[in-house]
Amino acid sequence: MDAIVLQILNGLDKGAAYALIALGLTLVFGTLGVVNFAHGALFMLGAFCAVTMQYLLTLSTRVKDESITFFEAYKEVPYLEGWFGDWGRMIIDYSVPISILLTIPVMLIFGVVMERGLIRYFYKRSHAEQILVTFGLAIVLQEIIKAVFGANPVPIQAPSAVAGSASIGEWFGLGPAISYPWWRLVYLTFSVVVLAGVFAFLQLTTFGMTVRAGMRDRETVGLLGIDIEKRFIIVFALAAIVAGMAGTMYAPILAPNYHLGMDFLVISFVVVVVGGMGSLGGAVLAGFLLGILQSFASMTEVKDIFPGIDQIIIYLVAVVILLVRPRGLMGRSGIMET
Amino acid sequence: MSAPTTAAERKKAISDPDFDVSTRQLPPRGPETKPMTNVDKDWLAIVAFTVIVLGMPWWLQPLGAAYPDLMQKFAIYGIFALGFNLLFGLTGYLSFGHAAFLGIGSYAAVWSFKLFTMNIIPAVLFAMLVAAVAAVFIGFISLRRSGIYFSILTLALAQMCYNLAYSVLTPITNGETGLRVLRDDPRVLDAMTGTERTGSLIGSLFGEKMVGYPGFYLCAVLLIIAFYIALRIMRSPFGMMLRAIKSNQHRMIYTGFNPRPYMLTIFVVSGMYSGLAGALLAITDPLAGAERMQWTASGEVVLMTILGGAGTISGPILGAGIIKYFENIFSALNDSALSSAFSFLPPAPREFLVTIVSPFVGEGWHLTLGILFMVIVIFLPGGIMEGIRRIWKLVTRRGSSSSKTEVQPAE
């Protein structure tokens, strides 16, 4: 029982990352009709926003070390610490949550520029060409990041207040074996809030209503005198911001490296397909489902029966789903029906 | 190709036993000019291609690429891209998992070296057979869907192969270390014939070790054969069916054709091409690793094909050559090489130029590749071959309007 709960918890945070990326992918696909292979790169850019923020906050100056008296010693002290003392140290400690403030404008600008500068010329072109050009863009972004930040993963610290593990088992009376890192709990909460926010935005606002209408029937919405193109730019930027924030918050869990985006992209596409192209709920459901399945498959008990299953479970599920339910779990008819 | 055709040549074309009436084009109105028939053009293309490929050691000399290791890479990746193009160029099905067949071919060839003999003929045949079996399996599953679903299914299945090669199949693939040929492998056939292997363990053909120039000529000859077969496929009624699938599958079904068997056949053929390329990689360097199957490798063959021109026959080979050439040249450039290249400049602008250029070469050459690729997809979706055709049209526009024959994409 404990093991099962533990695996579900372990799967949730990975599933949350999948769900956030897949949500943006399927949103862009459903509205703009564009298959965006560069979406994983947006996740990676978000993660590197955290790296940049950490670098900026810890910019240091050399000062004389007063504690050592018998020779001239210098130590590196971050400017912030020098200026604000303990407050500065606290700001540095909270660099990951603070970098969200950097991620949002960066991804907003990047999303709008990408849509206006590149994607909009590909609305009328085939899906194969959309895949190819965004794949090229993903390579370019990845290589730029590699040139700037190097090829090695950059470790990012979570705030020390949430450094340890939460003994979730004791909260629910399930035994002390179930413990869960605090930061993953934060990540999970954050994802749920973001997901709920996006859904509320689309379901409850007039803007969201027109976007949903545009997903259903773009022409009719246009005939009603609504400039749907303009709204779709915002949708694209929204998807970019969601992916970026997911990347930023994921940085303490997995040290960001330049091919992070590609790694997540492949799985996110599988998630979108399993959930059903253009279905937002399906993407979220499939994201969490596949995350949990993956962590179950990596249990030793399961691996003893099916060796190597943890490596292929996601792809296997995708193949089975596509063959049995071609529209995916919650796919609507009429989208990509060929 | 609009070489002037004389009446004599025309007569020859008609008396040619291979001449196919259905491919004959109506002569244009006007003076005595007649377009070449497809059969004529094909023979011209094959002869020209043979000359170009076998002449590589000479005409690549000024480009600094005339050494066998690089040239055999051109040939091998040419075969790989040719095979990919048979699928993508003809039918429009974008497979993102073709590297799986490349890897499978490599593993199969190395196993043939280990188990049977160091002779390369069984290795090539075995690799193509195994790749074909894998392609039947993967194709049967992924061809049930089309469009982006097909791309994702092939991607998922190839990633599955890659992950399996790293984990469960380690006894077969030797995991991260990579599979290599060892001195004490059984090699049943060699033991039976009493052939004793001395020296380094390299695949051989009739006692000739496949390194250096023999290795290159082997790859070159196979590339020419592969080119010929691809040309025949494109010209055949079967190729016409595949193009019909690309242009309108529904209409094809309405006229009473089932596209599935055609698709599966070309998928398997394409997989066998990749298997052959994988086998050649293993022959010229008897080591097979799983990284050959990673999806970035599948992306590379897509890049080659698009860069050269999907759907044309020589485009993918050109693309493969260009990418492998620049990979080799660019990745060797570093800052000091750059400064010496710009040494004619005064120091300050030289430093500036080196700083500007250095992120794009050496380690960062993939950046150049990515940008080039985006530019091609955005501005020239037909690849370099379309660019050449456009320039050709500009040049020949001044000629007589009667010579305006639409050039076949296969040229």
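The values are calculated or read from the model by the stated rules, or taken from the named source; none is laboratory data. All values reported here derive from a predicted model rather than from experimental measurement. No Cβ is skipped: glycine too gets one built from the backbone with ideal geometry, and neighbour counts run over all protein chains shown. Note: areas computed on protein heavy atoms with side chains; ligands, DNA, RNA excluded. Shrake-Rupley method; radii C 1.70, N 1.55, O 1.52, S 1.80 Å.
Exactly one residue out of A:ALA177, A:ALA161 is open to solvent by 50 Å² or more (accessible area, probe 1.4 Å) and not in a helix (DSSP H, G or I), and it is A:ALA177. Taken over the stretch A:269-285, the criterion of being of a type in the set (Gly, Ala, Ser) and within 13 Å of chain B (Cβ to nearest Cβ) is satisfied by A:GLY275, A:GLY276, A:GLY278. Looking at the stretch A:259-278 only, could you name the residues that are touching a Gly at 6+ places or on another chain (Cβ under 8 Å) and either charged (D, E, K, R) or open to solvent by 10 Å² or more (accessible area, probe 1.4 Å) (or both)? The answer is A:MET262, A:ASP263, A:PHE264. Restricted to the stretch A:295-308, and to residues there that are buried (at least 16 other Cβ atoms within 10 Å of the Cβ) and at the interface with chain B (Cβ under 10 Å from one of its Cβ atoms), the residue that is modelled with the lowest pLDDT is A:GLY308.
Every residue, every condition in (1) within 14 Å of chain A (Cβ to nearest Cβ); (2) touching a residue at least 24 places away in the same chain (Cβ under 8 Å); (3) touching a helix residue (DSSP H, G or I) at 6+ places or on another chain (Cβ under 8 Å), yes or no:
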residue	(1), (2), (3)
B:ARG232	no, no, no
B:HIS250	yes, no, no
B:LEU276	no, yes, yes
B:ALA290	yes, yes, yes
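In the stretch A:244-268, which residue that is assigned to a helix (DSSP H, G or I) and among the aromatic types (Phe, Trp, Tyr) is nearest to the other protein chains (Cβ to nearest Cβ)? Applying the filter and picking the extreme gives A:PHE264. Of the residues screened, A:ILE234 is one that is more than 14 Å from chain B (Cβ to nearest Cβ) and assigned to a helix (DSSP H, G or I).
Taken together, the residues in the stretch A:121-161 that are facing chain B (nearest Cβ under 7 Å) and among the hydrophobic types (A, V, I, L, M, F, W, C) amount to 10.
One residue stands out in the stretch B:344-363 among those that are within 12 Å of another protein chain (Cβ to nearest Cβ) and in contact with a Ser or Thr (Cβ under 8 Å, 6 or more places away or on another chain): the one that is most open to solvent (accessible area, probe 1.4 Å), namely B:GLU363.
Checking A:ILE109, A:ILE145, A:ILE131 one by one, the residue that is under 30 Å from A:THR31 (Cα atoms) and free of Cβ contacts under 8 Å to residues at least 12 places away in the same chain is A:ILE109 and no other. Of all residues in the stretch B:222-237, those being over 14 Å from the mean Cα position of the chain (by Cα) and surrounded by fewer than 16 Cβ atoms within 10 Å (Cβ to Cβ) number 3.
Exactly one residue out of A:TRP183, A:TRP171 is among the aromatic types (Phe, Trp, Tyr), open to solvent by less than 40 Å² (accessible area, probe 1.4 Å) and either within 30 Å of A:GLY11 (Cα to Cα) or away from every other protein chain (no Cβ under 13 Å) (or both): that is A:TRP183. Name the residues in the stretch A:133-156 that are surrounded by fewer than 16 Cβ atoms within 10 Å (Cβ to Cβ) and either hydroxyl-bearing (Ser, Thr, Tyr) or over 18 Å from the mean Cα position of the chain (by Cα) (or both), would you? If the condition is that a residue be surrounded by fewer than 16 Cβ atoms within 10 Å (Cβ to Cβ) and either hydroxyl-bearing (Ser, Thr, Tyr) or over 18 Å from the mean Cα position of the chain (by Cα) (or both), then A:VAL148, A:GLY150, A:ALA151, A:ASN152 are the ones that fit. Scanning the stretch A:151-195 for residues that are without any contact (Cβ under 8 Å) to a residue 12 or more places away in the chain and not polar (S, T, N, Q) yields A:GLU170, A:TRP171, A:PHE172, A:GLY173, A:PRO176, A:VAL193.
One residue stands out among those in the stretch A:100-132 that are over 25 Å from B:LEU303 (Cα atoms) and among the β-branched types (Val, Ile, Thr): the one that is most open to solvent (accessible area, probe 1.4 Å), which is A:ILE109. Filtering B:ILE313, B:ILE323, B:ILE329 for residues that are under 19 Å from B:TYR228 (Cβ atoms) and in contact (Cβ under 8 Å) with a residue 12 or more places away in the chain leaves a single hit, B:ILE313. As a summary of the residue check, A:GLN311 satisfies the conditions (1) part of a loop (DSSP other than H, G, I, E, B); (2) of a type outside the set (Val, Ile, Thr); (3) within 14 Å of another protein chain (Cβ to nearest Cβ) except for the one numbered (1).
Might you let me know whether the stretch B:317-335 holds any residue that is outside any helix (DSSP H, G or I) and more than 25 Å from the chain's Cα centre (by Cα)? There is at least one residue in the stretch B:317-335 that is outside any helix (DSSP H, G or I) and more than 25 Å from the chain's Cα centre (by Cα). You will find that of A:PHE199, A:PHE288, the residue that is surrounded by fewer than 19 Cβ atoms within 10 Å (Cβ to Cβ), at pLDDT 90 or above and not in a loop (DSSP other than H, G, I, E, B) is A:PHE199 and no other.
Residue by residue through the stretch B:292-312, note down the ones that are away from every other protein chain (no Cβ under 14 Å) and open to solvent by less than 20 Å² (accessible area, probe 1.4 Å). Listed by number, the list holds a single entry, B:THR312. In summary, A:ILE241 fulfils each of the numbered conditions (1) in a helix (DSSP H, G or I); (2) facing chain B (nearest Cβ under 10 Å); (3) closer than 15 Å to A:LEU25 by Cβ with the single exception of condition (2).
Looking only at residues in the stretch A:14-48 that are more than 14 Å from every other protein chain (Cβ to nearest Cβ) and open to solvent by 10 Å² or more (accessible area, probe 1.4 Å), the one that is modelled with the highest pLDDT is A:LEU45. Summed over the stretch B:368-386, the residues that are more than 7 Å from chain A (Cβ to nearest Cβ) and open to solvent by 30 Å² or more (accessible area, probe 1.4 Å) give a count of 7. Candidates are the residues of the stretch B:144-176 that are more than 11 Å from chain A (Cβ to nearest Cβ) and touching a residue at least 12 places away in the same chain (Cβ under 8 Å); the one that is most open to solvent (accessible area, probe 1.4 Å) is B:GLU176.
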